[in-house]
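K.L.:
This is the structure I want to talk about, given as structure tokens.
The values are calculated or read from the model by the stated rules, or taken from the named source; none is laboratory data. Everything quoted here is computed from the prediction, not taken from an experiment. For neighbour counting, all protein chains shown are included, and Cβ atoms are generated from backbone atoms with ideal geometry for every residue, glycine included. In case anyone asks, the SASA skips ligands and DNA or RNA and just uses the protein heavy atoms, side chains included. Shrake-Rupley method; radii C 1.70, N 1.55, O 1.52, S 1.80 Å.
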Amino acid sequence: MKNNNQKTISIIIPVLNEEKHLGRLIGYLKANSHKENIEEIMIIDGGSDDQSASIAMEMGVRLLQSEKGRAKQMNHGAKHALGDILYFLHVDTFPPNNFDQHILKEVDQGYETGCFRMVFDSRHWFLRFFAFLSRLNLKICRGGDQSLFISKALFKSAKGFNEQYIIYEDSEFIGRLYQMTTFKVIPQNVTTSARKYRQIGLLRLQYHFGVIHLKNMFGAGPDKLYDYYRRKIVS
């Protein structure tokens, strides 16, 4: 039971057919945080047809069903979250030990939103270089793999994720946050999976991500970004 002055965190994890990764992440989050700081771990399922929902229920976390789409799922989670701080996390990203204390420390110092630095679960020099860029507090260096904490009040003020974006929803939202407040990059690392790089290829995938960033900078809307992603990456 929290006291009146203690802030708590709602961890929000959107999933779609993630039975291979979900159980490990939930167990890790429980083992590497302090129970009194975590209001809830929320799994926002976008219509999985595997065992993702069953795993969430078996592990005693909160399960919500949502329309498919990461932006829709995360907004749905935020709408029903009970904590003071929302912490958005990818299912294949593992935050540092005591991540809850790091987040609450920055909140207590007046930061309403921010992320961690990032490393990949790979020692390849190419990925190490791009992970190094995550320590720079620049909008261009942000991405959803770094996770995101934000006060519930600021999330509401920013009107949440733009559900028109099928991809790039994290970057678009964080770009708006940079315009609204001081964004904090916490000097500890999350570890995220390089599985898509292994699947697509390091140079190929990073090139296409770069093109998507450029298209966004030059005014391409969510439909054009998704069309490029669908043609060049998914297929």
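K.L.:
Would you please name the residue that is most open to solvent (accessible area, probe 1.4 Å), looking only at residues in the range 10-42 that are more than 19 Å from N98 (Cβ to Cβ) and in a loop (DSSP other than H, G, I, E, B)?
P.N.:
Out of the qualifying residues, it is K20.
K.L.:
Right, Q73: polar (S, T, N, Q), touching a residue at least 24 places away in the same chain (Cβ under 8 Å), outside any loop (DSSP other than H, G, I, E, B) and touching a helix residue (DSSP H, G or I) at 6+ places or on another chain (Cβ under 9 Å) or not? Write out each step before concluding.
P.N.:
Numbers: polar (S, T, N, Q): yes; touching a residue at least 24 places away in the same chain (Cβ under 8 Å): yes; outside any loop (DSSP other than H, G, I, E, B): yes; touching a helix residue (DSSP H, G or I) at 6+ places or on another chain (Cβ under 9 Å): no.
Here the answer is no, as Q73 does not meet what is asked.
K.L.:
Of everything in the range 45-70, what is under 18 Å from K20 (Cβ atoms), assigned to a strand (DSSP E or B) and hydrophobic (A, V, I, L, M, F, W, C)? Give them in sequence order.
P.N.:
L63
K.L.:
Sticking with this structure for a sec: So which residues in the range 173-186 are open to solvent by 70 Å² or more (accessible area, probe 1.4 Å) and either outside any helix (DSSP H, G or I) or among the charged types (D, E, K, R) (or both)? Explain how you work it out, then say what you get.
P.N.:
Filtering the range 173-186 down to residues open to solvent by 70 Å² or more (accessible area, probe 1.4 Å) leaves 179-180, 182.
Residue satisfying the conditions is T182 alone.
K.L.:
Further question: Note down all Cβ pairs under 8 Å where the first residue falls in the range 149-171 and is over 16 Å from I9 (Cα atoms) and small (G, A, S), the second is open to solvent by 20 Å² or more (accessible area, probe 1.4 Å) and not in a loop (DSSP other than H, G, I, E, B), and they're at least six residues apart or on different chains.
P.N.:
If the second residue must be open to solvent by 20 Å² or more (accessible area, probe 1.4 Å) and not in a loop (DSSP other than H, G, I, E, B), the pairs left are S157/M180; A158/R176; A158/M180; G160/N75; S171/H213; S171/N216.
K.L.:
For the list (1) more than 18 Å from S10 (Cα to Cα); (2) in contact (Cβ under 8 Å) with a residue 40 or more places away in the chain, I need the number of the one condition that R128 fails.
P.N.:
So R128 meets the others, but not (2).
K.L.:
Can I ask one more? Could you give me the residue pairs with C-beta distances under 7 Å whose first residue belongs to the range 213-235 and is in contact (Cβ under 8 Å) with a residue 24 or more places away in the chain, whose second residue is open to solvent by 100 Å² or more (accessible area, probe 1.4 Å) wherever it lies, and which are 6+ apart or on separate chains?
P.N.:
P222/Q164
K.L.:
If you go through the range 143-163 one residue at a time, do you hit one that is in contact with a helix residue (DSSP H, G or I) (Cβ under 6 Å, 6 or more places away or on another chain) and surrounded by fewer than 16 Cβ atoms within 10 Å (Cβ to Cβ)?
P.N.:
Yes, the range 143-163 has at least one match.
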